[in-house]
Amino acid sequence: GGELIQYYGAYSEYDEAAFVAEEIENIIASGVDGDQIAILYRSNMQSRLLEENLLKHNIAYKVYGGLRFFERMEIKDVLAYVRLINNRHDDVGFERIINTPTRGLGAKTVNQIRNCALVNQISLFSACQVLLQNSILPARAAGSLAGFINMIDEFDNNHDKEQLNPLFDDVIERTGLRDHYQKEPPEKALTRLENLDELLNAAETFVKPQEDDQIGMTALASFLAQVSLEAGERSTDVDVPCVQLMTLHSAKGLEFPYVFLVGLEQGLFPHQNSMDEPEKLQEERRLCYVGITRCEQKLYMTYATSRRIRGRTQGCAPSRFLGEVPQKLVHQIQGNIFTVPRNNLYTNHDQSPYAHYKPGVMVSHQIFGEGMVVELSGQGDYTQIMVEFEQHGTKILAAKFAKLQIS
């Protein structure tokens, strides 16, 4: 009889991240070291808001087996473009993206640009303009470089520096970065594209601090300053015990006294891509089990009832996995998942003649043998029961005819 599992139903992902950071602050204040605490999530992109809130509370953290949000390749690529748009003399940004995605500029051309900048003591961007004006480059390289210069100028001229989302969105599309990442292996591509969407959320919801406004900084400059400030603060002292952030896939084999399992919503966990296929759903359920069993002492499971997804705030249903934990093991800090229908698509099963076939119940079937109920859907005579049988895999049966015995 350990501690009850703590459920927290947040109003939004912002509320969720704030709750996690405050709770961790309290746990650390009670004398626990940060490295005894882990935050686990299904998708890489979920780390951004958690990181932001931990920084606000001065809680040292590290991303286990991965990079912090603003250190990820796809994020640094977009930000390099944006830095160059904000300041043409940003040579670090220029070097990063002059050929990302490739635009047919060879090492020879890039070296010419570097030399021209060095000799004339000017920025790389200015060096490009000098090379183009003096027609020094071969036609193909010149055409490609002129296209690049014009694109950066157009981004600058076409966008209001106080509205970040349209600018970032335009950069991701027009530079070809989105297509560039789409070509990677599916898992990797998905992660990168989710991160890009999360960067758009960050741009959309960014609020310029008053002190930046007073000195006349644009929202764009302010956002970029904040990102580099965070990157600086992040190289924290090595000896400080850090809270561990990680995806559920990276968590296998690790254990922590305190675990926060976040983002338990339909479509996020179980992931959108797995919800319609029994095998994939079962794989997600195993992943949830991995998350739960990482915890040695106190487990928190959190979800948000609304979340920004691809630029729109959407209502979210609590993950089916939350309802599969026996209610007697749970303490609900906020929200109540046990009174709402398991799935908003269906009316409450409690009046249904098949209500006793709850997920997790063991049943036997005269042909398929022993199995466990995974899900109930539909209603009345049309109720269907999804069962994972030990010998025969997952089957969806019509409740009315299945004659399942509860074992």
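Read the figures in this text as sums done on the coordinates, not as results from a lab. Small disclaimer: the values here were computed from a predicted structure and weren't measured. Glycine also receives a Cβ, built like all others from the backbone with ideal geometry; neighbour counts cover every protein chain displayed.
Data table
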{"item": "Positive minus negative residues near ALA127 (Lys, Arg vs Asp, Glu; Cβ under 14 Å)", "result": "-1"}
{"item": "Over segment 349-406, volume per residue of the alpha carbon convex hull, in Å³", "result": "63 Å³"}
{"item": "Mean ellipticity per residue at 222 nm, deg cm²/dmol - from DSSP H runs of n ≥ 4 across the chain, formula -39500 (n - 2.57)", "result": "-13000 deg cm²/dmol"}
{"item": "Length released on extending from SER407 to SER126, taking residue separation times 0.36 nm less the Cα-Cα span", "result": "93.5 nm"}
{"item": "Alpha-carbon spread of segment 153-254, three principal axes, descending order, Å", "result": "50, 38, 20"}
{"item": "Cross-link partners of LYS298 among lysines (Cα-Cα below 21 Å; sequence separation of 8 or more within a chain)", "result": "LYS62, LYS252, LYS328"}
{"item": "Charge tally in the Cβ shell below 11 Å around ARG310, where Lys, Arg are +1 and Asp, Glu are -1, ARG310 excluded", "result": "-2"}
{"item": "Kirkwood hydrodynamic radius (C-alpha pairs) into Stokes-Einstein, segment 27-182, 25 °C and 0.890 mPa s, D in µm²/s", "result": "135 µm²/s"}
{"item": "Isotropic mean projected area of the C-alpha convex hull, the chain (nm²)", "result": "25.1 nm²"}
{"item": "Lysines with Cα under 21 Å of LYS161, excluding same-chain neighbours fewer than 8 positions away", "result": "LYS76, LYS208"}
{"item": "Protection-proxy order for peptides 220-230, 128-138, each taking the mean of Cβ atoms within 10 Å per residue, highest first", "result": "220-230, 128-138"}
